[in-house]
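Visitor: Structure incoming, see below.
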Amino acid sequence: MREAKVHSNGIQLHYEDWGKACDPTILLVCGMSTQLIHWPDSMLEKFVSNGFRVIRFDNRETGLSDRSHVKKMPPVVSSFFKTKLGFKIQADYDLHTLVKDAVGLLDALDIAKAHWVGFSMGGMISQLAAIHHPNRVRSLTSIMSSTNDKDLPSPKLWTLLNLFMPPLGNTDEHVADAIVRTFWNIRSTDYPTAKDELRKQAYKIIQRSRRPFAGPMHMMAIMATEGFGKDLNKVTAPSLIIHGTVDPLVRLAGGKRSAKCIPNAQLIVIPGMGHDFPEQLLPRLSAEITAHLKQQPVHQTADKAGSLITA
């Protein structure tokens with residue numbers, strides 16, 4: 001594994017580079033406010049062992065990449081209600097900027113084309129890349145994500161309130177409490193991770209980087225971006241959509257919308273999966289994604305809409 005920083009789209013992005021440089025590249029795109037370490041190492045090791053080079057990176061605002069010089073909390077709550085009422089909002093940037101960041105990373109590493117694999121906000125970024133930069137996308141995998149269309153169901157109320165709830169203090173312990181609370185609220189109910197393990201993950205995140213404005217800035221970027229379901233019919237890359245049935249943050253309807261709008265997309269719905277990567281599901285997720293990248297379906301049946309669903 002190699003790591004470094006590169007200039008991309010006017011900022012510096014921190015990345016890790018796993019595997020052989022001559023192998024086909026997988027670009028892993030993180031979700032809102034998360035660092036590159038949110039992608040499980042075991043998943044990367046599985047990809048590398050199957051003959052892929054893997055790049056994971058910190059989006060702007062997160063981890064060790066550049067952040068915006070914001071001094072106060074963006075107006076996330078009021079902007080959320082404005083978008084629900086149909087109003088456009090102003091933000092420092094939108095998701096298209098984050099797409100350009102990722103494309104710039106590929107440019108800097110002299111990678112012409114990659115398999116884009118993104119979760120949550122990273123899934124949106126990857127879908128937008130497939131729409132607007134088709135020559136850079138070998139395949140698309142979008143996990144627990146959506147088309148960002150405004151008519152899609154909102155997160156569950158408690159999950160939404162929890163996202164906007166700041167830590168009770170500024171100590172590492174307070175921040176860890178807030179991270180654990182968030183992770184617990186979006187967990188896979190059928191594959192729960194023990195709270196002591198979530199706390200270990202929280203301290204790993206804190207020790208690497210504390211970026212309190214990353215979530216709000218990314219949330220503003222999402223809300224400032226128009227829904228793109230209508231444009232997904234332009235996608236020509238082989239596409240896999242993975243979503244859980246109990247995701248309280250990005251509801252299952254979001255993944256189904258992506259699969260419906262992308263021509264010939266494969267949809268895998270996993271019962272009991274929430275908005276996380278539980279250890280128990282990693283072997284299956286790694287296998288499903290690897291099979292998609294190699295175009296070798298694991299096991300599948302067709303639903304009434306023609307999408308492919310794995311139970």
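Visitor: Given Cα positions, please report Rg to Rh for the stretch 92-141, the hydrodynamic radius being the Kirkwood one.
Guide: 0.94
Visitor: Calculate, in nm to one decimal, what ASP231 and VAL70 gain on full extension: separation in residues at 0.36 nm each, minus their alpha carbon distance.
Guide: Full-extension gain reported as 54.7 nm.
Visitor: Here's something else I'd like to know. Taking 23 Å as the cut-off for C-alpha to C-alpha distance, list the pairs among LYS46/LYS230; LYS5/LYS88; LYS5/LYS100; LYS88/LYS150; LYS88/LYS230 that go past it.
Guide: Checking Cα-Cα distances, LYS46/LYS230; LYS5/LYS88 exceed 23 Å.
Visitor: Taking Cα atoms of the stretch 140-201, Rg/Rh with Kirkwood Rh, to two decimals?
Guide: Ratio value, two decimals: 1.04.
Visitor: Further question on the same structure: For MET1 and GLN201 in one chain, what is 0.36 nm times their gap in residues minus the Cα-Cα distance, to one decimal in nm?
Guide: In short, 69.9 nm is gained.
Visitor: Kindly provide the pair-distance distribution of the stretch 64-180 built from C-alpha pairs, with 10 Å bins from 0 and whole-percent values in order of increasing distance.
Guide: Histogramming the stretch 64-180 at 10 Å steps yields 11, 32, 35, 20, 2 percent.
Visitor: Dipole of the stretch 97-207 (Lys/Arg Cβ +1, Asp/Glu Cβ -1, origin at the Cα centre): which of THR159, HIS132, PRO192 lies farthest to the positive side?
Guide: HIS132
Visitor: Counting other Cβ atoms within 10 Å, keep those with at most 11, restrict to DSSP loop, and tell me which chymotrypsin sites (Phe, Trp or Tyr not before Pro) in the stretch 79-169 are left.
Guide: The qualifying sites are PHE87.
Visitor: Still on this structure, please answer the following. Quick one: Debye curve from the alpha-carbon atoms of the stretch 1-71 only, equal weights, vacuum; give me log10 I(q)/I(0) at q = 0.23 Å⁻¹ to two decimals.
Guide: Taking Cα atoms of the stretch 1-71 as identical point scatterers yields -1.00.
Visitor: Taking the Cβ-Cβ separation of ASN264 and LYS156 as r and a Förster radius of 35 Å, what is the calculated FRET efficiency to the nearest 0.05?
Guide: Given R0 = 35 Å and the Cβ-Cβ separation, E is 0.65.
Visitor: Normalized C-alpha radius of gyration of the stretch 1-149, against 2.2 N^0.38 Å?
Guide: 1.06
Visitor: What size of dipole, in debye to the nearest 20, comes out for the stretch 1-111 about its Cα centre when the only charges are +1 on Lys and Arg C-beta atoms and -1 on Asp and Glu C-beta atoms?
Guide: In total the dipole reaches around 520 debye.
Visitor: Here is a follow-up. May I have the convex hull volume per residue, in Å³, for the Cα set of the chain?
Guide: Convex hull of Cα atoms, per residue: 123 Å³.
Visitor: Based on DSSP H runs of at least 4 residues, each adding -39500 (n - 2.57), what is the mean residue ellipticity at 222 nm of the chain after dividing by all its residues, to the nearest 500 deg cm²/dmol?
Guide: Calculated mean residue ellipticity at 222 nm is -11000 deg cm²/dmol.
Visitor: Using every alpha carbon pair in the stretch 151-275, what percent of pairs falls into each 10 Å bin from 0 up to the bin containing the largest distance?
Guide: Reading the bins upward from 0: 12, 33, 34, 18, 3.
Visitor: While we're here: Out of residues 5 or more away from ARG138 or on other chains, whose amide H comes under 5 Å of its own, with H placed 1.01 Å from N in the peptide plane?
Guide: ALA114, HIS115, TRP116
Visitor: Using +1 on the beta carbon of Lys and Arg, -1 on that of Asp and Glu, and nothing else charged, what's the dipole of the stretch 139-260 about the Cα centre, debye to 20?
Guide: Dipole about the Cα centre, nearest 20: 140 debye.
Visitor: Right, next: Which of these, LEU109, LEU98, LEU28, has the largest mean-square fluctuation under a Gaussian network model of the chain (Cα springs below 10 Å)?
Guide: The residue that fluctuates most here is LEU109.
Visitor: Over the stretch 226-277, what lengths in whole Å, largest first, do the semi-axes of the equivalent ellipsoid take, defined as the square roots of 5 times the eigenvalues of the alpha-carbon gyration tensor?
Guide: With the √(5λ) rule applied to the stretch 226-277, the semi-axes are 21, 12, 7 Å.
Visitor: Here's a follow-up. Collect residues whose amide H, placed 1.01 Å from N in the peptide plane, falls under 5 Å from the amide H of VAL29; neighbours closer than 5 in sequence don't count.
Guide: Distant-sequence amide H within range of VAL29: VAL117, GLY118, PHE119.
Visitor: How much length is gained on full extension from HIS174 to GLN90, taking 0.36 nm per residue of separation minus their Cα-Cα distance?
Guide: Length gained between HIS174 and GLN90: 27.1 nm.
Visitor: Now, a different point. Using θ = phi - 60° and the Karplus form 6.51 cos²θ - 1.76 cosθ + 1.60, what ³J(HN,Hα) does each residue of the stretch 21-26 get, whole Hz, x for Gly and Pro?
Guide: So the Karplus estimates, Gly and Pro as x, are 5, 7, 7, x, 9, 9 Hz.
Visitor: Shifting gears a bit: Can you tell me the FRET efficiency between THR189 and VAL77 if r is taken as the Cβ-Cβ distance and R0 is 25 Å, rounded to the nearest 0.05?
Guide: For THR189 and VAL77, the calculated efficiency is 0.40.
Visitor: Give the relative contact order (percent, whole number) for the chain; include only Cα pairs under 8 Å separated by 6+ residues.
Guide: 19
Visitor: Mind checking the stretch 59-102 for trypsin sites (Lys or Arg not before Pro) that DSSP puts in a loop (not H, G, I, E or B) and that have at most 13 other Cβ atoms within 10 Å?
Guide: Hits after loop and neighbour filter: LYS71, LYS72, LYS88.
Taken together, the values in this text are just the output of simple stated rules run on the coordinates, not laboratory data. Values in this document were obtained by computation on a predicted structure and should not be read as measured data. Methodologically, a virtual Cβ is constructed for each residue, glycine included, from the backbone with ideal geometry; neighbour enumeration extends over all protein chains shown.
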